[in-house]
Amino acid sequence: MRRRQFIRFVGGAVAAWPFTAHAQSTKMPQIGVLSLGRGDKSDGSLTTINAFMPALRELGYTEGLNIAFERKFADGDAKKLSGLAQELVDRRVDAIVAFATPAARAAKQASSTIPIIAIAMADPVEDELVSSLARPGGNVTGTTFLGPELVSKRLQLLKEIVPGLSRVVVLWHPDAYGQRTMSGMLKEIESTAQSLGTRLQLVPATSPDELSTAFAAMTAQRADGLIVFPSPMLFSQYSRIVTFAANNHLPAMYAAREAVELGGLASYGVNLPNLSRATATYLDKILKGAKPAELPVQQPTKFELVINLKTANALGLTIGRDLVQIADEVIE
């Protein structure tokens, strides 16, 4: 069953301004798009990036007619981001749309003047992308998905879904975000695990190439469940992770619904395509003269729980009626 979802953002509503003033410009805006993902259909982040375009069309932009895009994808390799960001700077783009924190960091390192509109940052203050959420103060603004705040809730939900959950393996990307952000996530989930009487085993993966080794390590742990930490790199590899969890009969909780749509058990977090659509309004404002330093980073106030009942049945799990009723979407 599907329920209509709405995400409201604090930090000020952004109106869809008339396009007439911009249309008078003789120069077509050149926009760079930078992502850690692969840019193909197997990459969940592509859905999020693509959601940006319909929102721009509603604001009066048509690609090739009054706006142009230069897209750069790092194929899951964070080391490529700096070079790709520099390529966009060398092309003298008018703004850079960066998907998630790693891309935003690479873009900021490449330029302190080109406006950067970041989709779904984890903790932009702790990651030193902005001075504050209310007044970013530099050339970066956009949206945050509040990464560190939700890791504890995911463990609590997995505990409710899996009776007798005692050993949980955590798949994480140590360099996904800044050191302080990652440290905050670890402290949150370790504290929650202790209160729930659950043992955690952290398994790192710093690149797609390391996932095979990580999978072998997780298999050896014989855990009762899996938590997948937020990470743009891991997000781009959801199809592999979901397949691994299914093959190993491992109940898994993810940060984004895209994993559940691929066959994962459950997810809890912000709707990333909706977050992307909200971010598009900031590109519109910047192209009309607004400064990133003065545009507050938008924060979601609505999060969604998505459960795949077909996967639960395959795992021999019975999802309680109370949990089904509070779920925002149940895939049957």
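Where only protein heavy atoms count, and the probe is 1.4 Å, what is the accessible area per residue for the chain in Å²? List each step's numbers first, then the result.
Working: 14420 Å² over 332 residues.
That works out to 43 Å² for each residue.
The amide H of residue 202, built 1.01 Å from its N in the peptide plane, has 170 as neighbours under 5 Å, considering only residues 5 or more places off or on other chains.
Taking the longest Cα principal axis of the chain as reference, the axis of helix 238-247 is set at about 10 degrees. For segment 290-296, backbone phi angles converted through the Karplus equation (6.51, -1.76, 1.60; θ = phi - 60°) give residue-by-residue couplings of 5, 9, x, 4, 9, 9, x Hz, Gly and Pro being listed as x. A value for semi-axes √(5λ) of the Cα gyration tensor in Å was derived from the coordinates, and within the list (1) 35, 20, 18; (2) 44, 24, 16; (3) 72, 19, 15 it appears as (1).
Summary of packing: across the peptides 115-122, 216-223, 301-308, the per-residue average of other C-beta atoms within 10 Å ranks them, highest first, as 115-122, 301-308, 216-223. I want to check the label-to-label distance for residue 62 and residue 207. Put each point 7 Å from Cα in the C-beta direction and report it in nm to one decimal. The two pseudo-label positions are separated by 4.3 nm.
So for the chain: antiparallel DSSP bridges make up what percent, rounded to the nearest 5?
Here the antiparallel bridges make up roughly 15 percent for the chain.
What does the highest-first list of 171-184, 272-285, 98-111 look like by mean Cβ count within 10 Å? Provide the component values of the computation, followed by the final result.
Values: 171-184: 19.9, 272-285: 23.2, 98-111: 25.9.
With the highest mean Cβ count within 10 Å placed first, the list reads 98-111, 272-285, 171-184.
Extension gain for the segment residue 196 to residue 82, taken as residue separation times 0.36 nm less the Cα-Cα distance, is 37.0 nm to one decimal.
Solvent-accessible area of segment 38-111 (1.4 angstrom probe, protein heavy atoms only): carbon and sulfur portion equals 46 percent.
Once neighbouring chains are kept in place and the probe is 1.4 Å, which whole percent of the accessible area of segment 238-323 is contributed by carbon and sulfur?
On the way: 1460 of 3040 Å².
Reported share for carbon and sulfur atoms: 48 percent.
Where a Cα-Cα gap under 18 Å defines reach, which lysines qualify for residue 72, not counting those fewer than 8 residues away within the same chain? Qualifying lysines at Cα under 18 Å: 41, 80, 108. Report summary: the helix-based calculation at 222 nm, which adds -39500 (n - 2.57) for every DSSP H run with n ≥ 4 and divides by the residues of the chain, gives -11500 deg cm²/dmol.
Here the spin labels are modelled as points 7 Å beyond Cα on the Cα-Cβ line, and at residue 243 and residue 135 they lie 5.1 nm apart.
The values are calculated or read from the model by the stated rules, or taken from the named source; none is laboratory data. Worth saying up front: this structure is predicted, and the values here are computed from it rather than measured. Cβ coordinates were reconstructed from backbone atoms using ideal geometry, including for glycine residues, and neighbour counts include every protein chain displayed. We work out accessible area using only protein heavy atoms, side chains counted, and drop any ligands, DNA or RNA first. Shrake-Rupley method; radii C 1.70, N 1.55, O 1.52, S 1.80 Å.
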